[in-house]
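Structure first, commentary second.
The values are calculated or read from the model by the stated rules, or taken from the named source; none is laboratory data. Just so it is clear, the structure is predicted and the values come from calculations on it, not from any experiment. All Cβ positions, even for glycine, are placed from backbone atoms using ideal geometry, and neighbour counts span all protein chains on display.
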Amino acid sequence: MKCPHKAHVALVDGERFVVLRNTGQPFEPKLEKIAEPSLDPTNFSAGVKHQDKAGQIKGNTDLNELAHGAAAAEWLNAKAKAGEIDDLVIIADPKTLGEMRRHYHVELKNRLAGEIDKALTGEPLDRIEKALASA
């Protein structure tokens, strides 16, 4: 995947949110950590679509994790609307990414350079760079 020079990379899962920046070339990313924002997950709107008994019994859905994904999207929306993010790549596990997409503002969508649906928040930067380059 082409990750523009100076693009922000949001690394998200149900518990962690890390913001990185590509200081390398578009097809040879070199990432550096910029921030790990503290989020206040208050948007539990995912609960509306995850109220089935089977999901609750099996424990497949953790509303706190989905609320964290929504909070990450809201944080990114605010930065995009303020003009603080030009290009953005989002890397998130499939469930979190699906929830985040429901909350993208048009300004964030316009700045989105790509998405990767993998859980990489616990990986070292070099593995994340390889995943980004090979996507």
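What residue, among those in the stretch 98-110 that are surrounded by fewer than 19 Cβ atoms within 10 Å (Cβ to Cβ) and either among the charged types (D, E, K, R) or touching a Phe, Trp or Tyr at 6+ places or on another chain (Cβ under 8 Å) (or both), is farthest from residue 27 (Cα to Cα)?
Per the criteria, the residue is 102.
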- Residue list for the stretch 80-94, filter: in contact (Cβ under 8 Å) with a residue 24 or more places away in the chain and either touching a Ser or Thr at 6+ places or on another chain (Cβ under 8 Å) or under 14 Å from residue 10 (Cβ atoms) (or both): 80, 85, 86, 87, 88, 89, 90, 91, 92, 93
- Message: I'm trying to understand the selection: among the residues of the stretch 87-107, which are part of a loop (DSSP other than H, G, I, E, B) and of a type outside the set (Phe, Trp, Tyr)?
- Response: 87, 93, 102, 103, 105
- Among residues belonging to the stretch 24-78 that are of a type in the set (Ser, Thr, Tyr) and either surrounded by 12 or more Cβ atoms within 10 Å (Cβ to Cβ) or more than 24 Å from residue 125 (Cβ to Cβ) (or both), point out the one that is modelled with the highest pLDDT. 42
